[in-house]
Amino acid sequence: MTITTAAPSIFGTNLVAMATPMHPDGTVSRGGVEALLAHLVSTGCDGVVVAGTTGEAPTLTALEMRDLIEQTRSHSNHALKVIAGVGTNDTSAGIEMARSAAAAGADALLVTAPYYSRPTQDGIVAHILDIADAGQLPVMVYDVPVRTGVVIEGPTLIELSRHPSVLGVKDAKGDLYEAMTVMASTTLAYYCGIDELALPYLACGATGLVSVTGNVVADRYAELIAAVRVGDLDRANAIQRSLLPLTDAVMRTTQGAIMAKAALVSIGVLSDATVRRPLLESSAADLRRLEDALRLTGIDQESRSVLIPVGLA
């Protein structure tokens with residue numbers, strides 16, 4: 001059996017919402033960024049969202065964001081698609097962010113609905129298209145109402161798809177029926193933005209994933225995508241189930257950026273799990289939960305290597 005899925009797009013397929021490594025004093029760690037990028041490339045990630053939610057974008061300065069994009073572009077040597085997060089509730093600021101990202105070498109932009117302001121659907125369209133026009137780069141619309149306070153409705157996504165630069169959606173809303181409806185009505189490349197629902201989205205025709213736990217196990221997500229592509233749902237389901245402990249620990253304990261950094265320290269990729277306020281580092285109880293999850297997911301703490309659980313080899 002072969003499942004009809006979307007073809008790989010200009011954004012990539014196995015994308016990771018990249019954490020922003022920091023020193024204990026809260027400054028961005030260039031060495032940590034290099035180590036994380038090397039890890040992501042080696043584990044099968046083909047695209048990164050820089051300065052997104054997991055990258056703690058609200059706390060990054062404009063210069064830090066530009067430096068991150070430039071470093072990612074330089075390090076990956078085009079092995080990774082670089083998607084710059086330009087989410088804001090100020091359209092004029094978003095326009096400047098988009099221009100800066102383009103100048104720094106980004107391949108595409110990730111644009112949210114304006115947060116806090118709660119604009120109308122027409123306001124959302126105007127905001128996103130103004131930024132798209134300014135950046136002159138492919139745009140992935142990020143629908144994440146839990147953070148923005150407003151949904152991007154299906155008809156709005158269809159309207160946005162008529163713009164030549166709006167080519168994708170990162171869906172963190174979780175409405176699979178709406179996602180299928182929009183996919184059937186447009187050529188938008190859909191990406192699952194909820195790690196817990198990776199398999200259902202892929203099975204419904206999504207192009208790929210933008211994952212948080214992919215900071216740690218991008219290789220496992222690459223296997224999941226490959227299994228769905230060839231219609232091997234038994235294997236895909238086994239992979240998804242093997243990821244449940246880690247997904248639960250990273251996505252449902254405190255906050256994704258906090259736990260992703262803690263996990264990266266645990267597997268030896270980063271040396272420090274510092275996050276910026278208002279986020280706080282993991283508690284001892286959360287770290288114990290994470291260590292248990294890593295073990296159950298098949299990550300050997302002593303050798304710090306990713307293992308394939310029995311039945312997935």
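The values are calculated or read from the model by the stated rules, or taken from the named source; none is laboratory data. For clarity, every value in this text was computed on a predicted model and none was experimentally measured. As a convention, Cβ positions derive from the backbone with ideal geometry for all residues, glycine included, and neighbour counts pool all protein chains shown.
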For segment 49-71, pairs from a residue that is assigned to a helix (DSSP H, G or I) to a residue that is of a type outside the set (A, V, I, L, M, F, W, C) and modelled with pLDDT under 95, with Cβ under 8 Å and 6 or more apart or across chains, are A57/G87
Taking helices (runs of 4 or more DSSP H) that do not extend beyond segment 196-313, which have at least 1 residues that are farther than 22 Å from G168 by Cβ and modelled with pLDDT of 95 or more?
-> 214-229, 233-251, 256-266, 284-297
State which residue pairs qualify: first residue touching a residue at least 40 places away in the same chain (Cβ under 8 Å) and under 28 Å from P278 (Cα atoms) and inside segment 228-255, second residue among the basic types (K, R) and surrounded by 15 or more Cβ atoms within 10 Å (Cβ to Cβ) in any location, beta carbons under 9 Å apart, and separation of 6 or more residues or different chains.
-> L246/R220; D248/R289; A249/R289
Cβ pairs under 7 Å, 6+ apart or interchain, first in segment 1-28 and more than 18 Å from H39 (Cα to Cα) and in a loop (DSSP other than H, G, I, E, B), second of a type in the set (S, T, N, Q) and at pLDDT 95 or above, ordered by first then second residue, are A6/T207; P8/T207; H23/S29; H23/T274; P24/T274; G26/T274
In segment 67-74, is there at least one residue being more than 14 Å from M18 (Cα to Cα) and charged (D, E, K, R)?
-> yes
Checking R118 against (1) of a type outside the set (D, E); (2) touching a Leu at 6+ places or on another chain (Cβ under 6 Å); (3) on the phi > 0 side of the Ramachandran plot, the condition it does not meet = (2)
Would you mention how many residues in segment 132-143 are surrounded by 24 or more Cβ atoms within 10 Å (Cβ to Cβ) and either in contact with a Lys or Arg (Cβ under 6 Å, 6 or more places away or on another chain) or under 26 Å from D195 (Cβ atoms) (or both)?
-> 5
Restrict the check to segment 112-127 and report whether at least one residue is surrounded by fewer than 20 Cβ atoms within 10 Å (Cβ to Cβ), among the acidic types (D, E) and closer than 24 Å to S9 by Cβ.
-> no
Those residues that are part of a loop (DSSP other than H, G, I, E, B) and either basic (K, R) or under 19 Å from the mean Cα position of the chain (by Cα) (or both), I need them from segment 128-148; list them, please.
-> L137, P138, V144
Read through the list (1) part of a helix (DSSP H, G or I); (2) surrounded by fewer than 16 Cβ atoms within 10 Å (Cβ to Cβ), then give the number of the only condition that M97 fails.
-> (2)
